[in-house]
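Notes follow once the structure below has been shown.
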Amino acid sequence: MQEDSYRHKGMRKILVDNLRNKGISDEKVLMAINNVPRHVFLDSSFLDFAYQDKAFPIGSGQTISQPFTVAFQTSLLELEKGHKVLEIGTGSGYQACVLAEMGAKVFTIERQRNLYTKTKSFLTEFPYRIRTFLADGNKGLPTYAPFDRILITAAAPEIPQALIDQLKTGGMMVLPLCENEEYQTMVRITKKEDGNLKRETFGDFRFVPMLKEIGND
Ligand code: SAH
């Protein structure tokens with residue numbers, strides 16, 4: 001793994017200040033972003049991009065989400081230490097590390113085979129216990145359910161019923177829901193004690209699409 005020097009730490013601090021200025025106020029989230037070295041998820045030649053608040057290509061046609069989006073989605077989760085969290089869309093593994101850094105027990109699903117293989121092995125270099133799965137996130141992980149929190153990091157055309165079923169009572173799911181082809185609305189679903197769902201919306205974002213079935217594309 002690439003080293004994490006004072007220069008990197010300094011760049012990260014500037015990124016965190018930048019996120020705070022953009023309205024991220026959850027200090028636990030900001031601290032996790034401060035602690036997880038984002039540059040190690042990118043090729044070393046892209047160092048100058050690692051701490052800009054931008055999404056970035058990670059191969060296999062996928063992207064590592066923009067730090068603001070990671071911070072925003074993570075804040076909406078209202079995470080507590082020890083929470084069992086299911087992430088759909090492992091990608092680079094960066095978001096999974098942020099969740100794990102905050103003390104969550106992370107289960108993460110990727111459908112793209114090459115990305116899954118690469119990230120699974122890369123994640124073993126971190127001190128976190130993150131369980132990775134090659135599967136279609138639309139189906140969730142029935143064997144490990146229920147989850148306190150579910151986070152979808154790809155644009156979902158609809159809210160997958162299987163994931164609602166795998167959410168604990170009182171649990172929350174955050175997802176970018178497709179409104180049209182251009183953008184998605186950030187949605188938070190809370191499963192209430194009476195079994196009904198509370199739905200809140202939080203503005204527009206852009207994600208790569210959530211696809212069906214495992215693939216090599
Ligand atoms: N969370 C990632 C960013 C993910 S980009 C990070 O921190 O880097 C979205 C990811 O979702 C892509 O890797 C894409 O392959 C994956 N994906 C798309 N549809 C999926 C599905 N049905 N199940 C699991 N993963 C999916």
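Derivation of every value follows stated rules applied to the coordinates shown; laboratory data play no part. Here the structure is a predicted model, which is why all the values come from computation and not from measurement. A quick note on method: Cβ atoms are made from the backbone with ideal geometry, for glycine too, and the neighbour counts reach across all protein chains shown.
Data overview
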item: Mean Cα-pair separation over length for the chain, i.e. relative contact order, pairs under 8 Å, 6 or more apart, %; result: 15 percent
item: Rounded to whole Hz, the Karplus (6.51, -1.76, 1.60) HN-Hα couplings of the stretch 104-111, x for glycine and proline; result: 7, 8, 9, 10, 9, 10, 10, 9
item: Residues whose placed amide H lies under 5 Å from that of THR108, excluding near-sequence neighbours; result: GLU87, ARG131, THR132, PHE133
item: Rounded to the nearest 20 debye, dipole of the stretch 113-217 from Cβ charges on Lys, Arg, Asp, Glu; result: 480 debye
item: Derived scalar couplings ³J(HN,Hα) [the stretch 174-186; Karplus, 6.51 cos²θ - 1.76 cosθ + 1.60; whole Hz; x for Gly, Pro]; result: 10, 8, x, 9, 5, 9, 7, 6, 7, 8, 10, 9, 6
item: Using θ = phi - 60° and Karplus 6.51 cos²θ - 1.76 cosθ + 1.60, couplings along the stretch 80-87 (whole Hz; Gly, Pro as x); result: 10, 3, x, 4, 8, 10, 9, 9
item: Cα→Cβ-extended label distance, 7 Å offset, between SER45 and GLU181, nm; result: 3.3 nm
item: Length-normalised contact order for the stretch 116-217 - Cα pairs under 8 Å, 6+ apart - percent; result: 23 percent
item: Calculated [θ] (222 nm, deg cm²/dmol) that DSSP helices of n ≥ 4 give over the chain, each run adding -39,500 (n - 2.57); result: -8000 deg cm²/dmol
item: Calculated FRET value between ILE14 and LYS139, using beta carbons and R₀ = 45 Å, to 0.05; result: 0.65
item: Beta bridges per DSSP with both ends in the chain, % antiparallel, nearest 5; result: 45 percent
item: ARG113 versus THR201: modelled label distance in nm, points set 7 Å from Cα along the beta carbon direction; result: 3.9 nm
item: Kirkwood Rh in Å, taken over all unlike Cα pairs in the stretch 120-217; result: 14.7 Å
item: Cut-off under 5 Å, modelled amide H: who pairs with ILE150 long-range; result: LEU86, MET172, MET173, VAL174
item: Under 5 Å, built H, 5+ apart or other chain: amide partners of PHE56; result: ILE64
item: Label point distance in nm, GLU193-ILE164, each placed 7 Å from Cα along Cα→Cβ; result: 2.2 nm
